[in-house]
Amino acid sequence: MSSKRILTLVFAVAFLTLLVGCGITPEIGPAGPQGETGATGETGATGGTGATGGTGATGGTGATGGTGATGGTGATGGTGEQGESGEQGESGEQGEPGEQGEPGEQGEPGATVIELTGITVDPETMALEVGETGTIKSVYAIYEIRGVDVPIPLTYCTLGSDDEAVATVSDIGLVTAIAEGTATITVTYADMTDTITVTVTHIPMKIIADDLLTFKVGIETEFTVSLVANSDIGKTALAYFTLPTKEEAEVWYWEVKVEDWINLTALDAFPNIIYGDQEVPLGDFTFLFKATFNKTGTYPILVKVWEVTPSTEGTPATAIKDELLGSKDITFLVEEILI
């Protein structure tokens, strides 16, 4: 083989080596023409091992002639880089443990319940006359702890009478006597009860005057007759007087309404006079009279008080007498004037 050809091969190998070293994969050249069987040349130098990189081009087969130089072993293509492993996704963060709730506040201990064992009412009894009133003084709650009695307003209680024809009771504890008899007032508080026994007596009205009134002939003298209603207070009543006749005496009456004396002797009704107004309830009252007697003697005077039903005419003389409430006999003693 000529030195020129050897030089060409060496140059080619060196060029290929340079390309591989630069990471350029040379294309495989076409196979050279088969050379003539030349003389057996010297064993060509072993081509250097190509650098590892991409697969090197296969060296062309030396021309057959003399034993051509063994084409250099093409550089072994570099092993492709293994792709990076995909990043493992980050593990989801574990949620933080929920905060433990604070312990609930311990409730305050319940108040101690003191049991109500009863109530007591003052007074326990009442004694009233018809027309009078009394008052419930107090109500106390009694608890199981000795010494703990608590006053209760009457407005917190229920009040009632078992016989309102005898006595009644108001919401504020006012007891009113209606008629003679006995009634029980019951006081209730929180299902506890106590009672008051009310005894009502009837005291009839009274007519108060001196049993004997002394006069002197011809001397004007005043006298009074009083009514005290007592248990008959509030009733519609009229007072009836039977006085001396006109021949025996002259009588005047002090009329409060007009503040003057009324000559009863001049009235057609004299000597039977009715006093009162059938629309005015009976109460305590005092009648004032004066009289002048014409002659000596003893003169009976009769006073009666009747409960009446007013008449449709509206005059005392036509009122209907229902019940005699009281009567009084008075004696007038008329004496001579001593000289």
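Give the average over all directions of the projected area of the C-alpha convex hull of the stretch 288-339, one decimal, in nm². So the mean shadow area of the Cα hull is 5.4 nm². Which entries in LYS206/LYS290; LYS246/LYS295; LYS206/LYS295; LYS216/LYS295 show an alpha-carbon gap greater than 20 Å? Where the Cα-Cα span goes over 20 Å, the pairs concerned are LYS206/LYS290; LYS206/LYS295.
Of the solvent-accessible surface of the stretch 108-200, computed with a 1.4 Å probe over protein heavy atoms with every protein chain present, carbon and sulfur atoms account for 50 percent. Between GLU124 and ASP284, the FRET efficiency estimated from the beta carbon spacing at R0 = 22 angstrom works out to 0.10.
Solvent-accessible surface of the stretch 167-242, taken per residue with a 1.4 Å probe and all protein chains present: 46 Å². Spin-label pair THR158-THR133: with each label point 7 Å from Cα along the Cα-Cβ axis, the two points sit 2.5 nm from one another.
For the stretch 203-339, the Stokes-Einstein estimate of translational diffusion at 4 °C and a viscosity of 1.567 mPa s comes to 83 µm²/s, using the Kirkwood hydrodynamic radius over alpha-carbon pairs.
Enclosing the Cα atoms of the stretch 123-276 in their convex hull gives a volume equal to 172 cubic angstrom per residue.
Taken over the stretch 222-273, the alpha-carbon convex hull comes to 108 cubic angstrom per residue.
If you take the Cα centroid of the stretch 167-213 and the Cα centroid of the stretch 248-297, the two points sit 36 Å apart. Working ranking of peptides 174-180, 292-298 by packing, defined as the average number of other Cβ atoms within 10 Å per residue, highest first, is 174-180, 292-298. When the Cα atoms of the stretch 132-221 are aligned to their principal axes, the ranges along those axes come out at 81, 27, 20 Å in descending order. The stretch between THR197 and ILE337 holds 44.4 nm of extra length on full extension. This uses 0.36 nm per residue minus the Cα-Cα distance. Summarising the amide proton neighbourhood of GLY131: residues at separation of 5 or more, or on other chains, whose placed amide H is nearer than 5 Å comprise ALA177, ILE178.
The values are calculated or read from the model by the stated rules, or taken from the named source; none is laboratory data. Because the structure is a prediction, the values reported are computed rather than measured. A quick note on method: Cβ atoms are made from the backbone with ideal geometry, for glycine too, and the neighbour counts reach across all protein chains shown. The protein model used for the area step is the full one, side chains on, heavy atoms only, and it has no ligands, DNA or RNA in it. Shrake-Rupley method; radii C 1.70, N 1.55, O 1.52, S 1.80 Å.
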